[in-house]
Every structure is written in structure tokens, then in C-alpha cells.
Amino acid sequence: MTNRTDSQTLIGHPEGNSGPSPGAVRRRKWIIRLLLSVVGVAIALLAWQRLADHVGFAFASPLDIWQDLRENMWKSKYLEQKGLSDGGGYRVHLLATVWRVLIGVVFGAAAGGSLGLLSLPIKVIREVINPLAAFFGAAPIFVAAPFFLIWFGITPWAQVLMVGFYTALLMYIFARRAGENLDAGYVESAMTLGGTPASIFRHIYLPGTVPEIAGGFRIALAGAWGLAAISELLGAQEGAGFLIKFYATAFVVDGMMSLVTLLGLVAIFVDRIVVFGLSYLIRWSESGRSLDL
Amino acid sequence: MTELNGNEGSGVRDVTFEGVWCVFEHRSGQLVHALQDVSFTVPAGQFVAVVGRSGHGKTTMLRVLAGLQPPTAGQVTLGESVVTGPSVERSMVFQQDTVFPWMDVRDNVEFSLKSQGSTKDIRRETSDQRLEDVGLTDFADSWPRELSGGMRKRVALAAVMASGSKVWLMDEPFGSLDYFTRRSLHDLLINLWNESNMTIFFVTHDIEEALILADRVMLVRDGKLVEDIEVSLPRPRDEDVRATPEAVALSKTILDHLGIREDEIVPELRGDSN
């Protein structure tokens with residue numbers, strides 16, 4: 001038996017070569033990227049501070065926001081006086097929004113992603129959902145949001161439902177497209193290797209479509225924050241959007257901008273966690289390795 | 001006669017094409033006859049090269065045998081069973097890279113066994129053996145993207161071997177590889193074939209490759225089987241064997257049957273310097 005190997009074609013470093021290892025190069029690139037990001041954020045904060053100094057009270061500076069968050073994040077006397085908090089400050093309202101978004105996104109993504117993939121082999125699913133996806137996909141969700149709240153009320157669960165519906169719609173479209181774009185050669189190869197419909201779905205379609213679905217999931221997640229905030233603006237009794245609306249009415253600029261900033265930071269934080277998880281799932285691909293989907 | 005479209009059946013059996021036609025309708029409405037009344041029988045254990053120009057029906061022939069493409073007329077049988085769909089009995093190595101990039105090398109090799117419900121111990125034992133056969137033991141935990149093109153082809157070979165398939169269908173599997181890697185894979189394939197009792201259909205447009213590997217060459221032109229040539233050259237078929245008058249005459253016969261005249265070949269490719 002010939003045990004010949006052409007492993008010399010692999011990228012590697014022969015013994016005695018003093019060049020940097022791939023790991024060291026990656027680490028250096030990561031540090032440079034981090035430094036550039038820090039510089040970018042610092043420049044933005046300085047520019048923001050200067051702009052706020054110039055505009056005056058109608059535009060809160062980063063320092064104003066920092067001060068506001070210190071006073072109201074965990075416990076807010078102002079909100080207690082207004083009857084908008086039982087002593088929890090912004091934290092309680094922010095958590096309400098975060099939970100609605102996460103529950104809606106998780107269930108919506110599971111439902112939409114599964115249906116999108118199942119619609120490839122199961123014609124009935126495709127024919128029932130495609131017209132609905134085309135209709136709701138064409139209607140801007142932010143325009144449809146008020147109707148959604150009218151139909152389902154302004155309860156927290158109606159907002160979860162709206163986020164879930166929006167996520168499911170996007171994930172259906174992305175999952176379906178990912179399945180269609182999966183190289184048919186993989187499926188045919190699996191079939192000739194004795195793959196059953198179940199094993200092909202589990203071992204070929206599911207992992208093979210993750211990279212493309214991952215992009216859709218991040219888009220849906222980003223949109224879900226905005227959607228949740230808008231639904232709260234339209235008539236909720238708690239949540240970051242509700243507080244933003246209250247502050248806008250009372251012209252409390254510091255508080256309003258604090259909450260917008262806070263919501264943005266939470267969205268970035270959750271997105272980073274998602275990227276970390278996805279990079280593990282697609283570690284077999286180049287995009288998974290670079291943490292840059 | 002039974003229908004064969006699952007994992008049923010085992011053992012080594014003859015492959016028979018009986019009056020197989022495969023006709024496609026082009027978008028323009030024109031009918032494309034990819035296969036026209038193709039009939040032959042290949043005894044179990046034979047190494048067959050299917051040679052022809054691009055677009056003349058070689059791959060279609062393989063896809064019909066794989067069960068990936070139903071024939072318009074006629075039938076393909078494996079022993080007594082009619083081929084009606086893909087089966088683990090007829091595993092295919094494709095021209096393009098179809099090693100699953102999301103599975104490491106071992107999982108690729110074990111995919112077929114996992115689909116067939118084999119236990120973990122059996123899967124592990126089989127994959128260890130097959131990876132050793134193709135010289136990839138040290139790369140069992142690697143991702144396909146970490147391997148060279150030649151190594152990925154060896155993963156594909158190991159996966160087909162692990163499936164237990166008795167008929168290997170190979171659609172220009174080494175076409176994209178450099179000469180030296182291709183030659184090493186030829187040696188590997190011949191060794192694997194010698195050790196087993198499988199039937200191999202090897203599609204290629206490379207006459208030299210066909211003469212190195214096969215003991216029978218089928219020539220396909222315009223969807224028709226125009227010639228069926230026994231190759232009785234001694235093995236191993238090194239450069240000396242391929243330079244014998246018998247081998248040169250075989251090459252010329254193949255070129256003639258494919259409708260390629262000597263003077264069509266660019267002088268530089270023939271080796272003429274003047």
C-alpha cells in the first residue's frame with residue numbers, strides 16, 4: 001500500500017525558519033485592529049464632546065451622559081418621583097427591552113430558519129409561505145408596526161410577537177436562499193454515499209448553510225432592537241423606548257441620549273456574543289476563523 | 001427484477017446499460033441527445049475508463065449509473081436490480097471538490113457509515129483503516145481547508161472506500177490537480193483497486209490517464225458509445241510501457257475514434273520543435 005503524502009504542500013514553517021508563526025501574525029493583526037478601534041472611538045467621543053459644547057443644552061455631551069447614567073442607571077430618584085420606577089432605574093427598563101428582543105429573536109430565528117430550510121425539500125411549505133414572505137417582505141416593517149400593535153395590543157407579548165415575526169420573516173428568506181445556494185454537489189455526493197433525507201438535512205443542509213444564515217441572523221438582530229424600541233414608543237408601559245418617549249416629551253435631553261446610547265451599547269455587546277458563538281459554529285470556514293462574518 | 005434506490009443489496013455484480021437514452025430539452029427548445037442508445041456490460045471488478053471530448057455524454061453516463069439522472073429510455077442494472085436512484089452501492093467522486101468543508105477529515109470519512117446507522121466503534125475502526133490506506137492518519141482532525149487539493153481527493157477516496165461501495169464512479173476526479181499529484185493518486189487508486197474487488201468507472205478526457213489506469217476504455221462521441229477497447233498493457237504502466245508500439249497504437253486508435261486527427265494537435269503539444 002502506498003502511503004505517499006503530499007503534505008509538503010501545506011503551508012508550514014520548516015525547522016530552523018525564524019519567521020513569525022501564523023498565530024503571532026494573527027495576534028499582531030488583532031492588536032492593531034483593537035488599537036485602531038480605540039483611536040476611532042476616542043476621536044468620535046472628542047468630536048461629540050466638542051459638538052455638544054458648541055450646541056449647548058439641546059445636545060448632551062458624553063460627559064453629561066456618563067453623569068446621567070451614574071445617577072440613574074441602577075437607582076433613579078427622578079423616575080421614582082415620576083412613578084416610572086420602583087427603584088430600579090434604567091436597568092429595569094433596559095432589561096425589559098432586552099428580554100423582549102432576545103425572546104422574539106430566538107423563537108423567530110428558530111421558526112423562520114427551520115421553515116426556510118424545510119421549504120427546500122417540502123413543496124407545501126414553500127407554496128404556503130412564499131407568497132406571505134413576499135408580501136410582508138415588501139412592506140417595510142416599521143410602517144407595518146403600528147398595525148401590528150393595533151391587532152395584538154400593546155402588551156409585552158405583542159412586542160415579542162412583532163420582533164419574532166420580523167425575525168422569522170428575515171430568517172426564512174435567508175435560510176431558503178442559503179439552501180438554494182448550497183452547492184448541489186455536496187447533496188449529490190451525500191446521496192451516493194448512502195445519505196438518507198434525515199442525515200442529509202442534519203449533516204449537509206444545516207451546517208452548510210450556517211455561514212449565509214449567520215449574516216441574516218445578525219441583520220435580523222440589529223433590526224430587532226430598533227423594532228422593539230419603536231413598538232415601545234408606540235404605547236408600552238415600560239422599556240427603553242417607553243423611557244425615551246417620556247424623556248422626549250419632558251425634554252430631558254441627557255436622559256434621552258443616555259438611553260439611546262445604552263441601547264446601542266447593549267446591541268453591540270449582544271452582537272459580539274453572537275459573533276463569538278457563530279465563529280465557533282463556522283470555524284471550518286475562513287470567515288469563522290477571522291471572527292469577521 | 002428488483003428496483004435499486006436505497007442501501008439494499010450487497011456483493012459484487014455486473015453493470016449493464018441496455019439501450020440507454022438521455023435527452024434534455026434546451027431552453028431554446030432544441031433537444032440535446034446526451035446519450036443515444038448506449039448498451040454494454042461491465043463485469044464486476046473491472047476498471048473502465050470512459051473517454052471522450054467535453055460535452056459528449058461521459059458525465060451523463062456516470063450520473064445515470066449513479067441514479068442521479070434518470071434515463072429517458074432504456075435501463076441500467078446492477079446484477080438483477082434496476083437502478084432507479086442514488087445508492088451507497090454506487091458511490092461517486094466528483095470532478096469538483098465535494099469533501100464537506102464543515103466536517104473534519106474523520107467525519108467526512110465516517111459520513112456514510114453514520115448515515116447507515118453504524119456504531120461509533122465501527123465507524124472509528126473503519127475510518128482509522130481508510131485514513132491509513134490513503135496516508136492521511138495524521139490529518140484525521142484537520143479541516144478540509146487545511147489540506148491541499150490532492151489530499152482532499154484522498155479524503156474523497158477514503159470516504160467512498162468507507163461506504164463499502166462496490167462500484168466507484170469517478171468523474172474526472174484528478175482533472176484539476178498538477179501532474180505529479182495526479183500520478184501519485186493514480187498509484188494510490190490502482191493499489192486500492194488491486195486490494196479490493198470493486199468495479200471502477202473513471203471518466204476522463206486524458207488518454208494517457210485512461211491508458212495508465214484502465215483495463216478497458218470506452219469511447220464516447222456525441223452521446224454514442226463508438227468503441228470499446230480492451231487494454232492489455234502490462235502493469236505497472238510506467239513511461240516505458242506507455243512508450244511501447246502497442247501503447248502508441250492504442251493512443252492513435254483512441255484519437256481516431258474520437259474524430260481527432262494528428263494534424264489537429266498543436267505541434268508543440270506533440271513535442272515537435274520544428
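Annotations
- Summed buried accessible surface, chains A and B, 1.4 Å probe, nearest 100 Å²: 3200
- For residue A:245, the aspartates and glutamates whose Cα falls under 12 Å of its own Cα, not counting residues fewer than eight places away in the same chain, are A:232.
- Counting Cβ atoms of other protein chains within 10 Å of each Cβ in B:123-134 and taking the mean gives 1.
- Charging the Cβ of each Asp and Glu at -1 and of each Lys and Arg at +1, and nothing else, the dipole of chain B about its Cα centre rounds to 560 debye.
- Here the extension length gained between residue A:283 and residue A:177 equals 36.0 nm, from 0.36 nm per residue of separation less the Cα-Cα distance.
- Note on residue A:139 and residue B:232: the model spin-label points, each 7 Å out from Cα along the C-beta direction, lie 7.9 nm apart.
- For chain A: relative contact order, % (alpha-carbon pairs under 8 angstrom, 6 or more apart): 19
- Label-point gap, in nm, between residue B:122 and residue B:72 - each point 7 angstrom along Cα→Cβ: 4.2
- Its residue count N sets the reference 2.2 N^0.38 Å, and the alpha-carbon radius of gyration of the protein assembly as shown equals 1.30 times that reference.
- Sum of -39500 (n - 2.57) over DSSP H runs of 4+, divided by residues of chain B (222 nm, nearest 500): -10000 deg cm²/dmol
- Average beta-carbon neighbours from other chains, 10 Å sphere, peptide B:84-94: 4
- Gain on full stretching of the segment that runs from residue A:49 to residue A:150 - 0.36 nm per residue minus C-alpha separation: 32.3 nm
- Other protein chain C-beta atoms within 10 Å of residue C-beta, averaged over B:141-147: 3.
- Placing +1 on the Cβ of every Lys and Arg and -1 on the Cβ of every Asp and Glu, with nothing else charged, gives the range A:60-289 a dipole about its Cα centre of roughly 240 debye.
- Among A:206, A:279, A:182 - extreme Cα towards positive end, dipole of the range A:60-289, charges at beta-carbon: A:206
- Residue A:57-residue A:91 FRET efficiency (beta carbon distance; Förster radius 25 Å; 0.05 resolution): 0.45
- Taking the longest Cα principal axis of chain A as reference, the axis of helix A:253-281 is set at about 10 degrees.
- Two-site label geometry, residue B:18 and residue A:42: point separation in nm, points 7 Å out along Cα→Cβ: 8.2
- Of B:193, B:233, B:95, farthest towards positive along the dipole that unit charges on Lys, Arg, Asp, Glu beta carbons give chain B: B:95
- Given B:58/B:166; B:120/B:166; A:29/B:153; A:123/B:153, the pairs whose alpha carbons are separated by over 27 Å: A:29/B:153; A:123/B:153
- The listed residues B:189, B:250 rank as B:250, B:189 when sorted by accessible area, largest first, using a 1.4 Å probe.
- Annotation: per residue accessible area for chain A equals 56 Å², rounded to a whole number [probe 1.4 Å, protein chains only].
- Cα centroid separation - the range B:214-239 against the range A:163-211, whole Å: 40
- Among A:91-97, A:117-123, the peptide with the highest mean count of other Cβ atoms within 10 Å heads the list, and the full ranking is A:91-97, A:117-123.
- Ranked by the mean number of other Cβ atoms within 10 Å of their residues, highest first, the peptides B:19-29, A:157-167, A:245-255 come out as A:157-167, A:245-255, B:19-29.
- Chain A: angle of helix A:90-118 to the longest principal axis, Cα-based, in degrees nearest 10: 30
- Unit charges on C-beta of K, R, D, E only; dipole of the protein assembly as shown, Debye: 2360
- For residue A:225, solvent-accessible area (1.4 Å; no DNA, RNA or ligand), Å²: 10
- Spatial separation of Cα centroids for the range A:224-252 and the range A:100-147, in angstrom: 26
The values are calculated or read from the model by the stated rules, or taken from the named source; none is laboratory data. What you see is a predicted model, and the numbers here were worked out from it, not measured in a lab. Note: ideal-geometry Cβ built from the backbone for every residue, glycine included; neighbour counts use all protein chains shown. Note: areas computed on protein heavy atoms with side chains; ligands, DNA, RNA excluded. Shrake-Rupley method; radii C 1.70, N 1.55, O 1.52, S 1.80 Å.
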